[in-house]
Amino acid sequence: MTEWQYVGKIVNTRGIKGEVKVISVTDFPEERFASGAVLYAQKEPSSGYLPLTVAGYSRRAPFDCLLFEGYPTINEVEKLKGSALFISRDQLPRLEDDGDFYYYEIIGAEVYTEEGRELGRIKEILSPGANDVWVVDSGGKDILIPYIIDVVRHVDVPGKRVTVHLIPGLIDDED
């Protein structure tokens, strides 16, 4: 069974020549949206995946703009508005550094302190600015862990385990 990786959403059309505006969440737009790359559009979560071959790419902040083979006019791409864009996970490039990972690889990872205290599981990752923030479901109030070297000490991707150093004020201790 194919595992899918979300890479963006078609939010509107641009002009009359079949171009669409995409809000992208990929770190590799030049590779992901290169001519000949295949993306898969899904209009509704219950619908199938429509393969689309990229014919052109440009950046028009804050959007990535794409043209698809076989969709030469606004009339053809209009029906794609609102579609989520995916790639199959086997299309993801291999990461160079052993310490690098994709978000999906750590969602669900158990988080422990250096002393071995279990804090919970990572349920989502926020990217609000200078660093990512990992949202840990502790069974009560969510714990927000900044992804910085002073806090995140070790990430074991295969073992789905993260070790953190609790700096003062990071969590409210009820002990």
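FYI, it's all coordinate maths here, none of it is from the lab. Bear in mind the structure is a predicted one, so any value in this text is a computation, not a measurement. So basically every Cβ, Gly included, is an ideal-geometry build from the backbone, and we count neighbours across all protein chains shown.
Per-structure values
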read-out	value
Residue selected from region 141-175 under the condition more than 14 Å from Gly108 (Cβ to Cβ) and acidic (Asp, Glu), by the criterion surrounded by the fewest Cβ atoms within 10 Å (Cβ to Cβ)	Asp175
Conditions (1) assigned to a loop (DSSP other than H, G, I, E, B); (2) surrounded by 13 or more Cβ atoms within 10 Å (Cβ to Cβ); (3) in contact (Cβ under 8 Å) with a residue 24 or more places away in the chain; number of the one not met by Ile23	(1)
Restricting region 78-113 to residues that are of a type in the set (A, V, I, L, M, F, W, C) and farther than 20 Å from Lys160 by Cα, the residue that is farthest from the chain's Cα centre (by Cα)	Leu80
